[in-house]
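Report on the structure given below.
Quick note: the coordinates plus some simple rules give every number you see, no bench work behind them. For clarity, every value in this text was computed on a predicted model and none was experimentally measured. Using ideal geometry, Cβ is built from the backbone for each residue, glycine included, and neighbour counts are taken over all protein chains shown.
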Amino acid sequence: MKSVAEVIQEHAAELLAIEGVAGVYEGKLADGRDCMHVAVVARSAELEARIPRQVEGHPVVIVETGPIGPL
């Protein structure tokens, strides 16, 4: 199985192309397993339906962040 970092590198562009997705980053589940976090501007059922629940065997967690811009 590929690492989460490798999967993010390969799939970030397609996830970021989904309108409302603000970022993709590596994270951990409560049980310590690696996962992908997909940051969204505003959570909605329509947006959640477009984001996969897992990518290449790694779980995906959707996190509502609001808009993300440069510091």
At most 10 other Cβ within 10 Å, DSSP loop - GluC sites (Glu not before Pro), the chain: GLU19
The chain - Kirkwood radius from inverse mean 1/r over Cα pairs (Å): 12.3 Å
Amide H within-cut-off set for CYS35, under 5 Å, with H built and near neighbours excluded: GLY27, LYS28, LEU29
